[in-house]
Amino acid sequence: ESLRIDIGSGGGGGQQQRVAIYPNPSVNELNIEYLTTTSEVSITGNDDEDFSVKMIDKNNNQIKTGSSKKGKLSFDTSDVPDGNYYLMIQLTDDLLVSQIIIKR
């Protein structure tokens, strides 16, 4: 069973900006998507917000890096050993950090 994690940062004007990370735990692929949520609608892959992501291990070693295309990014995790990792997601105005698990 995979878990989808939405990371929020409060925004003004009735909008909340979030990044969705799934599946978590990950086996072979990890998806990161920028979301714009209004009171009625959730838009995935908003191409107005590009971001960069670094995956690091518990010793602060960089495992993977990437930049989004149209608000979405996927990492191939098939070559990453099982364990706990952190994603450092750099948005325009925010740095978000999330823990992820690679488990087969």
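Here is a list: V19, V53. Which entry is at pLDDT below 90, open to solvent by less than 80 Å² (accessible area, probe 1.4 Å) and within 17 Å of S98 (Cα to Cα)? So that I can check it myself, show each step before the final result.
Working: V53 fails: at pLDDT below 90.
Being at pLDDT below 90, open to solvent by less than 80 Å² (accessible area, probe 1.4 Å) and within 17 Å of S98 (Cα to Cα) holds for just one of V19, V53, which is V19.
Only residues that are within 16 Å of I21 (Cα to Cα) and in contact (Cβ under 8 Å) with a residue 40 or more places away in the chain were counted in segment 68-79, giving 6.
Among the residues making up segment 59-72, those that are at pLDDT below 95 and open to solvent by less than 60 Å² (accessible area, probe 1.4 Å) are S68, G71. Quick check, is T38 open to solvent by 20 Å² or more (accessible area, probe 1.4 Å), touching a strand residue (DSSP E or B) at 6+ places or on another chain (Cβ under 9 Å), modelled with pLDDT under 95 and under 14 Å from I21 (Cα atoms)? No, not satisfied. Condition (residue is open to solvent by less than 70 Å² (accessible area, probe 1.4 Å), closer than 22 Å to R18 by Cβ and free of Cβ contacts under 8 Å to residues at least 24 places away in the same chain) applied to segment 80-102: is it met by at least one residue? No: zero hits.
The values are calculated or read from the model by the stated rules, or taken from the named source; none is laboratory data. Computed from a predicted structure; not experimentally measured. FYI the Cβ positions are ideal-geometry reconstructions off the backbone, even for glycines, and counts take in every protein chain you see. Note: accessible area is taken over every heavy atom of the protein model, side chains too, but ligands, DNA and RNA are not part of it. Shrake-Rupley method; radii C 1.70, N 1.55, O 1.52, S 1.80 Å.
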